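Participant: Below are the structure tokens for one structure; questions will follow.
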Amino acid sequence: MAVAFDEMNGPGGEVRQAYQELSRWLSETPPEALTHRRQEAELLFRRIGITFAVYGDAEAQERLIPFDVIPRILSGREWALMELGLKQRVRALNMFLRDIYHGRDILRAGIIPDDLIFQNPVFRPEMNGQAVPHDVYVHIAGIDIVRVDDENFYVLEDNARTPSGVSYMLENREVMMRLFPDLFARHRIAPVERYADELLTALRSVAPAHSSSEPTVALMTPGVYNSAYYEHSFLADKLGVELVEGRDLVVKNDEVFMRTTEGLKRVDVIYRRVDDDFLDPLTFRPDSALGVPGLMSAYRAGNVTLANAVGTGIADDKAVYSYMPDIVKFYLGEEPILKNVPTWRCREPGDLAYVLDHLSELVVKEVHGSGGYGMLIGPAATKATIEAFRDKLKREPEGFIAKPTLALSTCPTCTDAGLAPRHVDLRPFVLTGRDRVTIVPGGLTRVALKEGSLVVNSSQGGGTKDTWILDE
Amino acid sequence: MLSRTAENLFWLARYVERAEYLARTIDATLRVTALPNTYSGQGNEWDSALLTAGVAGSFYNHYDEANEANVVEYLSFAPTNPSSIRNCIEAARLNARSVRTALTGEMWATINSAWIELQENWSKGAKTREQLTAFLRFVQETSLRFDGSAYRTMLRNDAYWFSRLGVHLERADNTARILDVKYHLLLPEQEHVGGPLDYYQWSSILRSVSALTAYHWVYRQTLKPWLIADLLILNDSLPRSLASCYGNLVRNLDQIGVAYGRQGPAQRHARGIRNRLEHSDMEDIFQRGVHEFIQEFLADNSRLGEIVAKQYLI
């Protein structure tokens, strides 16, 4: 694999423009000072209780995501282009969902094969013909972006269901401002703190048409044992809305209420961080204890807005992903600004043959997987792992897609042996309300802390960094 | 606010209060048992510590003898005791985590750091008396910080009032339990004044509700059992007296009632208990029997818990 592009020290070893000041600061700062700040940061995070759970790891029910104190910096120019690309992509995602659950023009035009949609377990027939306020399906999108060189950014995946991580974007910034006030004073960094305001505005703008002028928003969580519970409570707090669990809600006459100390109170918009499957035991999984019986019926009656809408999984499906450039062109008539990573769809015999021949060079992922589980990273895998994977792939080719192993860009990162380059990605959060799409300048930078590793997922040893967009 | 939020706040406060009470009970018992037998008496103080903690029954499912090591272990650290100090702090934090949004940052930081310290420093219990003393101090300081940060940082709204309800209901229960276990030491004025033996028993009672200094301020006398009873039951200037707890419970419930524009059975029940305390004097109580009085109070107090739950928390 080629040497990765480093975002601070460019290809010729020169310090890139956006990192000039940071590089100077790093050379002036003794290593002990950095170590000291690292410890302080860890202490702060522990105090605040920013934790996540690792499933299947009983020993460590709550863990901290490692935080790296060296910021990742993007220039204003780089961001401006990315922002345009993100808005374009999310508009297309929303139009695609509206089309799939209504007229299905894109299927009739032969751009996407029918069975990819209808055979797909994340396609929700319950949503056929269902109107959603202002045709917004994906109110909150987390689009994962990687960079391979000075100019090329690729979308790695679209998260259109219940993307998480935004609390880290906000808390990382808070902690950085506390620990490095001098470094902030030497930069002009676009602020991220208005995210909660933007989110609340977006959520209220999509309330059912007949709800009051002050619609009631609630954030629905699966509960304290969910891996992202910290984020749910953090956001509810920032939004100033109730953090509800399924058992706090009740449906009467197709209207949704929460149980309060003063009796039942009507809810208009639910920012739900519960998967489709668990929303309503009457419609989806009957064994779900997290959901609210009758919620789908209230939703279908148009008495409550769910954000994101039900059925958005079809838009971030890894097989549908490979059609994103066509989807953008089809609905917007524009060339996609952000590139897609070339993807082989193992469901297609030609692609499958290629993938089987090149397993040691490719990353193979389950179409419906997430969190970095169940994937094969060819270049890093042993022969035995590859052979085991080959069998799996032959048995169920439609369950997989493959991508080249991209040389993800690196950023300087604190390690036990001092500063060293580590691979990073970026997840900006795109908000869609009634009449506008907004993005707070920044996002969650995830960093693979192990040397050479390309897996940035927090469940697999990844950490996070503060992401600075320079305001030029 | 959400009923579940109110419930979590209520229980969060109760668990913190209970942890502190257990710590003080252990502390006071350690002091009495450290005295020579001539002062501490023949009765098993560790048995009565179990009784005041309300876990005497379950203790003997796990241990044969109520000695210092066993009782301290059971009350402080035992995972098998649902209301051990450790479990109280765990439960408090779990409740706090579910209602983070209703807590101030300071309250959360207090309970979360206590929980972290519990994992880091006390996962193996306390090996020596010195360690135990440090542990008990840590628990009491946690409760003080939690209470103090609630008092100083919370908005005065229903979240605050529900959490105060938890504090005072638990506190009244704790004080009444001590009285219930030690009532035989609390004699009316006419009876004989005990020797040195009783003196240390009495001071131990006061210590477990942190009222030893207060006693001297209020009565300016040597320890007299009827005055101790008066202080713990009727004197509403002592924060842990039954009268003071009920003054607060009535006030908090009224505040909720006013905010919600509606009174209910909880308000009426609490006022009933408070009125009975207000209209009693120690002579009546001794005449009817301290034991009966306390038994009745304990039942009334737990009934209030049920009524509050039914009216607001479910």
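Participant: If you average the sequence gap of Cα pairs under 8 Å that are 6 or more apart and divide by the length of segment A:87-157, what percent do you get for the contact order?
Facilitator: Reported as a whole number, the value is 29 percent.
Participant: Could I ask something else about it? Using θ = phi - 60° and the Karplus relation 6.51 cos²θ - 1.76 cosθ + 1.60, list the HN-Hα couplings for segment A:64-79 in order, rounded to whole Hz, with x at every Gly or Pro.
Facilitator: So the J values, rounded to whole Hz, are 8, 7, x, 10, 9, 7, 7, x, 9, 10, 10, 6, x, 5, 4, 5.
Participant: Normalising by the residue count of segment A:176-261, find the relative contact order in percent from Cα pairs under 8 Å and 6+ residues apart.
Facilitator: Here the relative contact order equals 21 percent.
Participant: List, in the order given, every pair from A:403/A:450; A:87/A:465; A:87/A:318; A:365/A:403; A:339/A:392; A:318/A:365 whose Cα-Cα distance in the structure shown is over 18 Å.
Facilitator: A:403/A:450; A:87/A:465; A:87/A:318; A:339/A:392
Participant: Mind checking B:272-280 for the average number of partner chain beta-carbons within 10 Å of each residue's beta-carbon?
Facilitator: Taking all residues of B:272-280 together, the mean is 0.
Participant: Add +1 for every Lys or Arg and -1 for every Asp or Glu among the other residues with Cβ under 14 Å from the Cβ of residue B:236, and state the total.
Facilitator: +2
Participant: Here's something else I'd like to know. Of the peptides A:145-152, B:306-313, how do they stack up when ordered by the mean number of other Cβ atoms within 10 Å, highest first?
Facilitator: Going by the mean number of other Cβ atoms within 10 Å, highest first, we get B:306-313, A:145-152.
Participant: As a test of the formula, what do you get for the protein assembly as shown when each DSSP H run with n ≥ 4 contributes -39,500 (n - 2.57) and the sum is divided by the residue count, at 222 nm and rounded to the nearest 500 deg cm²/dmol?
Facilitator: Helices in the protein assembly as shown give a 222 nm mean residue ellipticity of -15000 deg cm²/dmol.
Participant: From other protein chains only, count the Cβ atoms within 10 Å of every residue's Cβ in B:98-106, then give the mean.
Facilitator: 5
Participant: Of the peptides A:190-197, A:423-430, B:199-206, how do they stack up when ordered by the mean number of other Cβ atoms within 10 Å, highest first?
Facilitator: The most tightly packed comes first, giving A:423-430, B:199-206, A:190-197.
Participant: Mind checking which of B:286, A:127, B:94 is farthest towards the positive end of the protein assembly as shown's charge dipole, using Cβ charges of +1 (Lys, Arg) and -1 (Asp, Glu) about the Cα centre?
Facilitator: B:286
Participant: Starting from the Cα of residue B:224, draw a straight line to each of the lysines and keep only those under 17 Å, dropping any in the same chain fewer than 8 residues away.
Facilitator: List returned: B:182.
Participant: Using each residue's phi in segment A:200-207, evaluate 6.51 cos²θ - 1.76 cosθ + 1.60 at θ = phi - 60° and report the 3J(HN,Hα) Karplus result to the nearest Hz, with x for Gly and Pro.
Facilitator: My calculation for segment A:200-207 gives 4, 4, 4, 5, 5, 5, 10, 4 Hz in order.
Participant: For segment A:229-332, which semi-axes, largest first and in whole Å, follow from the square roots of 5 times the eigenvalues of its Cα gyration tensor?
Facilitator: Semi-axis lengths for segment A:229-332 are 29, 17, 14 Å.
Participant: Could you pull out every one of the lysines with an alpha carbon less than 30 Å from that of residue A:252, ignoring same-chain neighbours closer than 8 positions?
Facilitator: By straight Cα distance, residue A:252 reaches A:238, A:265, B:310.
Participant: Which percent, nearest 5, of DSSP beta bridges in the protein assembly as shown are antiparallel?
Facilitator: 75
Participant: Moving to a separate point now. Give the aspartates and glutamates reachable from residue A:394 as a straight Cα distance under 16 Å; neighbours fewer than 8 places away on the same chain don't count.
Facilitator: Straight-distance partners of residue A:394: A:348, A:351, A:357, A:366.
Laboratory data are not the source of any read-out in this text; all were calculated from the coordinates shown. For clarity, every value in this text was computed on a predicted model and none was experimentally measured. Cβ atoms come from the backbone with ideal geometry, glycine included; neighbour counts cover every protein chain shown.
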